[in-house]
Amino acid sequence: MKVKTEKPGYSDGGVLAYFLLKEDKIPVEVLKVTGGISEDEFDRKLGKTYFTATLGKMKFGKLLLVGLGEKKDFEPDFVRRAAGTAVRYCKSVKCPNLSVVVPKALPKIDSTSVVQFITEGAILSNYKFMELKTKKEEYFDVKQTSLITPDKSAANGVRVGTILAEAQNYVRELDEYPANMMTPRKITEIAKQLAKKNKKFSITVFDEKTLKKEEMNAFLGVASGSNEPPRLVILEYNRNKKNLPLYGLVGKGITFDSGGISLKPSKDMHEMKYDKSGALVVLGTAMAVAELNLPVRLMVALALTENMPSGKAQKPGDVVKAYGGKTIEVLTTDAEGRLVLADTLAYIAEKNPKAIIDVATLTGAVIVALGRHAIGLFSTDDKFARLLEEAGNRSHERVWRFPLWKEYSEMLKSEIADIKNISDTGEAGSIIGAVFLKEFVGDATWAHLDIAGVANIKTNHAYLEKNAASGMGVRLITEALIYLAKRRTGYSMTNIFLE
Ligand code: BES
Ligand code: ZN
Ligand code: ZN
């Protein structure tokens with residue numbers, strides 16, 4: 001979908017949409033068509049719509065009103081949701097052109113952000129994974145959304161919103177492919193294609209041989225049960241611009257997590273194709289950062305392997321020596337994400353980045369704790385955590401912070417090795433996963449994002465597809481990097497646009 005801005009007076013004859021708070025007056029042009037609208041016809045609750053043909057009284061063929069609810073309850077994300085509602089309406093009436101009158105003076109949000117968020121909601125809600133269907137015509141696509149506003153700076157909001165939403169859709173698409181198609185080698189090829197498109201990228205790929213040479217044995221232990229060879233992809237952005245601040249992004253890329261010898265139950269095991277979400281999220285973030293041309297350096301690591309049982313698979317009780325020399329007792333082969341991340345984080349930490357963010361579908365326990373409305377945040381740095389909280393609120397990819405007290409680390413002491421990969425009790429599962437990772441980041445500023453609850457959508461959503469990959473994390477991390485790139489003081493995330 002193409003999103004663009006247009007001045008007042010524009011028309012393409014398609015659907016014209018207004019987003020209205022309960023307190024807003026009905027615009028005169030709408031009154032001309034409808035005469036007036038009673039509360040019964042349209043109560044303006046969030047997501048409620050009013051639709052009518054314009055019968056030649058307007059240059060547009062159809063008129064759509066979308067409710068934003070009462071002013072006191074308004075949240076900035078409602079703008080994305082209203083855009084999602086409008087796009088879905090256009091699909092239902094098979095209209096390829098949508099125009100939205102950009103609402104003015106909404107509470108808690110500046111005008112450029114309104115435009116950015118409408119753009120995101122429109123592009124995200126228009127996307128559906130159809131690649132594996134042979135009959136494409138079942139799906140109706142909205143071709144363009146025009147945002148009608150007199151504001152000249154709106155184009156910048158469209159640009160940022162488009163880059164973010166398309167990067168998120170890129171992740172949704174790749175994540176949806178099943179494990180027989182989206183293997184570690186396939187993702188490596190995709191990362192190479194991305195690197196080829198933008199000259200600011202360079203790429204290094206570790207195959208099994210290199211992983212052995214680098215003594216990344218925790219990673220190799222996980223990979224040992226699979227017939228698909230593992231890959232560690234290191235994608236660098238602005239590699240030679242040494243004056244720019246370096247940030248490390250690390251993603252868990254288990255293309256299928258069967259649990260290994262500690263096999264998972266078969267019910268819903270197919271959902272473990274989404275265990276590569278973290279790696280794809282950091283890849284999508286790299287794409288967005290490059291398109292925004294952010295003045296930062298990035299080192300992005302994708303830890304890619306399957307976790308499978310076989311005669312060659314690692315076994316519960318095995319001990320492996322990780323990159324950097326720490327020994328790990330592997331008490332369950334299903335806590336494999338932390339094993340591949342251990343080697344990868346230790347490798348990235350060595351490069352001395354200003355901060356590292358790792359992204360992983362690490363624990364089922366985070367879903368028990370937070371359900372599906374928040375990303376688990378774990379960080380040793382209060383300021384960095386605050387920044388991610390702000391970025392989470394702005395992007396509505398919200399995070400919730402957990403503690404990393406040393407009492408938790410003590411639960412991972414092993415009798416025979418330096419550390420074990422699970423605790424004896426199974427309590428505080430997400431924190432235990434995080435404190436395990438903490439052992440491998442040295443003294444780097446670091447944050448771990450556990451996205452197990454949000455990587456795929458399980459319930460109805462205003463702008464993301466149900467029962468599909470969400471691509472969540474891309475907008476959160478990119479917004480945080482935009483902020484870091486601008487080196488703003490204070491914590492306000494508003495008005496973070498590049499000139
Ligand atoms: N990939 C899973 C975590 C997961 C579970 C993601 C459900 C999404 C939905 C991870 O590798 C795993 O198996 N974790 C174990 C850890 C446990 C053995 C300590 C878990 O959560 O059960
Ligand atoms: Zn697992
Ligand atoms: Zn896993």
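If I ask for residues that are farther than 21 Å from residue 168 by Cα and surrounded by fewer than 19 Cβ atoms within 10 Å (Cβ to Cβ), which ones from segment 381-399 would you list? Break it down stepwise before answering.
In the first step, residues of segment 381-399 are kept if they are farther than 21 Å from residue 168 by Cα; the result is 381-386.
381, 382, 383, 385, 386 - these are the residues of segment 381-399 that are farther than 21 Å from residue 168 by Cα and surrounded by fewer than 19 Cβ atoms within 10 Å (Cβ to Cβ).
Filter segment 52-74 for residues that are surrounded by fewer than 17 Cβ atoms within 10 Å (Cβ to Cβ) and closer than 30 Å to residue 373 by Cβ and give the result.
70, 71, 72, 73
From the list 299, 287, 308, exactly one residue is within 14 Å of ligand 2 (Cβ to nearest atom) and either of a type outside the set (D, E, K, R) or surrounded by fewer than 24 Cβ atoms within 10 Å (Cβ to Cβ) (or both). Which is it?
308
From the list 319, 330, 340, pick out the single residue that is more than 16 Å from ligand 2 (Cβ to nearest atom) and either of a type in the set (Val, Ile, Thr) or touching a residue at least 24 places away in the same chain (Cβ under 8 Å) (or both).
Criteria check complete, one pass: 319.
Quick check on my filter: what residues within segment 268-295 are more than 12 Å from ligand 1 (Cβ to nearest atom) and either out of contact with any strand residue (DSSP E or B) (no Cβ under 8 Å at 6 or more places or on another chain) or at pLDDT below 95 (or both)?
Residues of segment 268-295 that are more than 12 Å from ligand 1 (Cβ to nearest atom), as a first pass: 279-295.
If the condition is that a residue be more than 12 Å from ligand 1 (Cβ to nearest atom) and either out of contact with any strand residue (DSSP E or B) (no Cβ under 8 Å at 6 or more places or on another chain) or at pLDDT below 95 (or both), then 284, 287, 288, 291, 292, 293, 294, 295 are the ones that fit.
Cβ-Cβ distance below 8 Å, separation of 6 or more or different chains: which pairs start in segment 425-441 with a residue that is surrounded by fewer than 24 Cβ atoms within 10 Å (Cβ to Cβ) and end on one that is in a helix (DSSP H, G or I) and among the β-branched types (Val, Ile, Thr)?
Short answer, once both residue conditions are applied: 429/366; 429/368; 430/366.
Kindly evaluate residue 337 against the criterion of being surrounded by fewer than 20 Cβ atoms within 10 Å (Cβ to Cβ) and farther than 25 Å from residue 76 by Cα.
No.
Pick from segment 352-364 the residues that are buried (at least 20 other Cβ atoms within 10 Å of the Cβ) and within 25 Å of residue 469 (Cα to Cα): which of them is farthest from ligand 1 (Cβ to nearest atom)?
It comes out as 356.
Under 9 Å between Cβ atoms, at least 6 apart or on separate chains: pull out the pairs that start in segment 270-289 with a residue that is under 13 Å from residue 469 (Cβ atoms) and end on any residue that is assigned to a helix (DSSP H, G or I) and within 11 Å of ligand 3 (Cβ to nearest atom).
Between residues of segment 270-289 that are under 13 Å from residue 469 (Cβ atoms) and residues that are assigned to a helix (DSSP H, G or I) and within 11 Å of ligand 3 (Cβ to nearest atom), the close pairs are 275/337; 278/337; 278/341.
In segment 30-51, which residues are buried (at least 17 other Cβ atoms within 10 Å of the Cβ) and of a type in the set (D, E, K, R)?
Within segment 30-51, just 44 meets the criteria.
Take segment 360-386 and flag every residue that is touching a Ser or Thr at 6+ places or on another chain (Cβ under 8 Å) and β-branched (Val, Ile, Thr).
361, 363, 366, 380 - these are the residues of segment 360-386 that are touching a Ser or Thr at 6+ places or on another chain (Cβ under 8 Å) and β-branched (Val, Ile, Thr).
When you go through 416, 422 one by one, which is the residue that is within 16 Å of ligand 3 (Cβ to nearest atom) and touching a residue at least 40 places away in the same chain (Cβ under 8 Å)?
422
Only one residue in 349, 374 is among the hydrophobic types (A, V, I, L, M, F, W, C), more than 16 Å from residue 453 (Cβ to Cβ), crowded, with 18+ Cβ neighbours inside 10 Å and away from ligand 2 (no atom under 16 Å from the Cβ), so which one is that?
Result: 349 is the single residue among 349, 374 that is among the hydrophobic types (A, V, I, L, M, F, W, C), more than 16 Å from residue 453 (Cβ to Cβ), crowded, with 18+ Cβ neighbours inside 10 Å and away from ligand 2 (no atom under 16 Å from the Cβ).
Hey, among the residues in segment 382-439 that are basic (Lys, Arg) and away from ligand 1 (no atom under 13 Å from the Cβ), which one's nearest to residue 322 (Cα to Cα)?
Ranking the candidates gives 438 first.
What number of residues within segment 238-267 are among the hydroxyl-bearing types (Ser, Thr, Tyr), more than 12 Å from ligand 1 (Cβ to nearest atom) and under 19 Å from the mean Cα position of the chain (by Cα)? Walk me through how you get there before you give the answer.
Taking segment 238-267 and keeping what is among the hydroxyl-bearing types (Ser, Thr, Tyr), we get 247, 255, 258, 262, 266.
Cutting the leftovers down to more than 12 Å from ligand 1 (Cβ to nearest atom) gives us 247, 266.
From the residues that got through so far, the ones that are under 19 Å from the mean Cα position of the chain (by Cα) too are 247.
Qualifying residue count for the region: 1.
Residue pairs, Cβ under 7 Å, 6 or more apart or interchain, first in segment 360-372 and farther than 13 Å from residue 274 by Cα, second more than 9 Å from ligand 1 (Cβ to nearest atom) and among the β-branched types (Val, Ile, Thr). List them.
So the pair list comes out as 372/454.
This table checks each residue for (1) within 16 Å of ligand 3 (Cβ to nearest atom); (2) of a type in the set (Ser, Thr, Tyr).
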residue	(1), (2)
247	no, yes
268	yes, no
289	no, no
309	yes, no
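Going residue by residue through segment 217-230, is there one that turns out to be within 26 Å of residue 475 (Cβ to Cβ) and among the aromatic types (Phe, Trp, Tyr)?
Within segment 217-230, not a single residue is within 26 Å of residue 475 (Cβ to Cβ) and among the aromatic types (Phe, Trp, Tyr).
Criterion first (touching a residue at least 24 places away in the same chain (Cβ under 8 Å), over 22 Å from the mean Cα position of the chain (by Cα) and within 16 Å of residue 4 (Cα to Cα)) does residue 150 satisfy it?
Values: touching a residue at least 24 places away in the same chain (Cβ under 8 Å): yes; over 22 Å from the mean Cα position of the chain (by Cα): yes; within 16 Å of residue 4 (Cα to Cα): yes.
Yes.
Which of (1) within 15 Å of ligand 3 (Cβ to nearest atom); (2) part of a loop (DSSP other than H, G, I, E, B); (3) in contact (Cβ under 8 Å) with a residue 60 or more places away in the chain does residue 227 not meet, given it meets every other one?
So the condition that residue 227 fails would be (1).
For the list (1) within 12 Å of ligand 1 (Cβ to nearest atom); (2) more than 13 Å from residue 422 (Cβ to Cβ); (3) hydroxyl-bearing (Ser, Thr, Tyr), I need the number of the one condition that residue 379 fails.
The failed condition is (1).
The values are calculated or read from the model by the stated rules, or taken from the named source; none is laboratory data. Since the model is a prediction, treat every value here as computed from it, not as a measurement. No Cβ is skipped: glycine too gets one built from the backbone with ideal geometry, and neighbour counts run over all protein chains shown.
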